[in-house]
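A.B. asks: Got a structure for you, written out below as structure tokens; questions coming shortly.
The values are calculated or read from the model by the stated rules, or taken from the named source; none is laboratory data. Everything numeric here is computed off the predicted structure, so don't read it as measured data. All Cβ positions, even for glycine, are placed from backbone atoms using ideal geometry, and neighbour counts span all protein chains on display. What goes into the accessible areas is simple: the full protein's heavy atoms, side chains included, and nothing from ligands, DNA or RNA. Shrake-Rupley method; radii C 1.70, N 1.55, O 1.52, S 1.80 Å.
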Amino acid sequence: MDKVTRLKYMDSVEQLIENSNYSDSLKIKNYFKIANRYFGVLEYEKYKEITNKVLEISKSNKDSLNIARAEYYLGDYYFSTSKNDSAYYYYLEAEKKYENLNDKPNLASTKLHKAYILSYEKDFIGSEIETVKVLNVATEIKDQELIYECYVNLGSSLVGLGNYEKALEYHQKSLSQIKEIENDNYKPLLQAQAINNIGFVYLNLGKFKEAGEIFTEGLKINNLKEIQPVLYISLLDNFAYSRFKINKNEGLKEFKEALELGDEIDDIYSKINIRVHLVEYYLSKNDTTIALQYNEEANRLAKESNYNKELLQTLDFYTELKPKEGLKYAKEYIKISDSLQQQERLTRNKLARIEFETDEIIVEKEAISNRFRIILISSLLIISFGILFYIILYQRSKHRELLFSQEQQMANEEIYKLMLDKQDELEEAKKKEQLRISQDLHDNILNKLASIRFNLFALTQKPDETVIKRSIEYIDKIQSVESEIRTVAHELNFESFLNKGNYKSILEQLLQNQKETYDTICESTISSDEAIESLSALVKMNIYRIIQETLNNINKHAKATLISITLSIDEGFLYLSIKDNGVGFKVSKLKSGIGLKNMESRAVSINGRLKISSEINNGTKVSLKVKL
């Protein structure tokens, strides 16, 4: 049945519905059926006319479901006639109603059509975001065809963003998704579409061999040429282009076949795109005459049909085909390109305003109807939050008290243990020193005294002049023994001082324990005894604790093989530096634990400033500067 006959039949059916005594619900059902028939034969104005009739009946009956469906149909009408701002408005209106009705299948389909418009207007990020929302709903309701369409649009949006690798991933997902679709009648078309999309991405990636292979698979689909000639022509054209890109001498036969089919069915896009490819082909052969002929045809068709992207391509080719007029075509190219970008920005802004204004109206309506309820709920929430806030503060206070008590107990236990350890070390040192002094007294001084006593005893037996002279020498030796006894006394006094605390030796013992306990090499440079020992007890204690805590952190976290410690005093300042060659960390992500807080607190208590610097895989450095 030809188109004219079909239109006469559809017009008569419309009149029958109009004049019938059917109920409104039955009329609406039949109107939607006939509207779909008009849409199928591209009679968009009749499609719009019938849809408006449905909308009028539905509004009079306050039938939200059919109002939403009619608005969705109007969105289709405006989208098909390239009036995207109006299409977006009607899709948005339908979306709000489907959302209120909790009609997830129709809601998802409407959102996806909004995403199509955003992609068409080159808002690829917005389209991607909207499509992801649809994909979540489609997955939830297990709508396999809708999942397929989401994958396709995500791939197309990512191509627009230049993310070809991710686009390829989604188009391959769409191809795999086809086997989940139950309707076998649509599978060949969906498969051809997915294959064509995958091949197009390969062309953009410059993978012409892979593109040619995938286009070949698409051309093998049974009866595709008869079922969907436009898609078949696109596959054939793209296949020819991939062959041409591999070998400049191939692809012409397929280009000509695709061009002939495109002209035959009068598909405008195919006619333009194939001619653009033929221009590139003949330019590679330096045959500017034929290339110019095809470019002029493509340029004319693109202007007539408002295919602006392809129009820009023809202008770009003119700069090569007519180099003397290149400046003119370059200016025209820039003018059209700027105009298109401006128009795209205006359209995107308009779509955003439509969305905003629609949401604003809805918000105002809801605000008026719910104002009292909001006030009541807000009052209850404020009271509840007040009580909850008080409970939280009280619990936190108790928790802090408990933590402080536990930390204080642990600190007291540690101090007591340290005091016991130091007391044991002190007693052991005393015993060793007592033994040494005893040995000195016994082996040296007592022996000398015994020798002197023996020789002086001879004076009582034989007091001649020779003996007297010799005895005078032993008197001098008594003075030497006196000096030795004085030395021992001084040493005893010095040990007594040491027992009060030799700070440098305490630090060295700490570092020695580190070396004996861990495999990490530990190097240290500590100022002279005099400078260190002059420090106050408070400074000594806090410096010791900071070194101890830092070593503990290095042993637990750093995985270091070398630690370098420097402690010096210069011009009224004490400088402490502890460096390691461990794994390091990001200082911005440093957590203020108890250990770090204690170190900072100790630094402040002695009028010091603590600084921690670190980089990943470059170790850590802890620096302390104290004003003495």
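A.B. asks: In whole percent, how big is the carbon plus sulfur part of the accessible area of the range 154-254, probe 1.4 Å, protein atoms only?
C.D. replies: On the way: 2260 of 5010 Å².
With neighbouring chains kept in place, the figure for the range 154-254 is 45 percent.
A.B. asks: In addition: Per residue, what accessible area does the range 206-251 have, given a 1.4 Å probe and all protein chains present, in Å²?
C.D. replies: Values: 2330 Å² over 46 residues.
Per-residue value: 51 Å².
A.B. asks: What number comes out for the charge environment of residue 10, summing +1 per Lys or Arg and -1 per Asp or Glu over other residues with Cβ under 11 Å away? Walk me through the numbers before you get to the answer.
C.D. replies: Values: positive: 3, 6, 8, 33, 37, 46; negative: 11, 14, 43.
So the environment of residue 10 carries a net charge of +3.
A.B. asks: Residue by residue through the range 258-271, what is 3J(HN,Hα) from phi via Karplus (6.51 cos²θ - 1.76 cosθ + 1.60, θ = phi - 60°)? Round to whole Hz and write x for glycine and proline.
C.D. replies: For the range 258-271, the Karplus-derived couplings read 5, 4, 4, 5, x, 5, 5, 8, 6, 8, 4, 4, 4, 4 Hz, x marking Gly and Pro.
A.B. asks: Check residue 562: other-chain or 5+ apart residues with amide H under 5 Å from its amide H, H built from backbone geometry?
C.D. replies: The answer is 521, 581.
A.B. asks: Could you give me the ³J(HN,Hα) list for the range 536-547, computed from phi with Karplus coefficients 6.51, -1.76, 1.60 and θ = phi - 60°, whole Hz, x at Gly and Pro?
C.D. replies: In residue order, the calculated couplings are 6, 4, 5, 5, 4, 4, 6, 4, 4, 5, 5, 4 Hz.
A.B. asks: Here's something else I'd like to know. I'd like the Karplus ³J(HN,Hα) series for the range 221-226: coefficients 6.51, -1.76, 1.60, θ = phi - 60°, whole numbers in Hz, and an x wherever there's a Gly or Pro.
C.D. replies: Using θ = phi - 60°, the values come out as 5, 4, 6, 5, 4, 7 Hz.
A.B. asks: How high is the relative contact order of the range 162-317? Use alpha-carbon pairs under 8 Å, at least six apart in sequence, and give a whole percent.
C.D. replies: Numbers: 184 pairs, mean separation 21.5, N = 156.
Once normalised by length, the contact order is 14 percent.
A.B. asks: Rounded if a/c is under 1.5, else prolate if a/b is larger than b/c, else oblate: which is the range 222-311, with a ≥ b ≥ c the root eigenvalues of its Cα gyration tensor? Please list the in-between numbers first.
C.D. replies: On the way: a/c = 2.15, a/b = 1.13, b/c = 1.90.
Taking the square roots of the gyration eigenvalues as a ≥ b ≥ c, the range 222-311 is oblate.
A.B. asks: Now for a separate question. Of the listed pairs 225/256; 3/33; 33/142; 46/83; 3/46, which have alpha-carbon separations greater than 20 Å here?
C.D. replies: Numbers: 225/256 16 Å; 3/33 17 Å; 33/142 26 Å; 46/83 17 Å; 3/46 14 Å.
The answer is 33/142.
A.B. asks: Roughly speaking, to the nearest percent, how much of the range 506-568's 1.4 Å accessible area is carbon and sulfur?
C.D. replies: Numbers: 1640 of 3360 Å².
The nonpolar share, carbon plus sulfur, comes to 49 percent.
A.B. asks: Non-local amide H neighbours of residue 524 (under 5 Å, H modeled in plane, Pro and chain starts lacking H): which ones?
C.D. replies: 565
A.B. asks: Now for a separate question. So who's got an amide H within less than 5 Å of the one on residue 181, skipping anything under 5 residues away but keeping other chains? H placed 1.01 Å off N, in plane.
C.D. replies: Residues meeting the amide H criterion: none.
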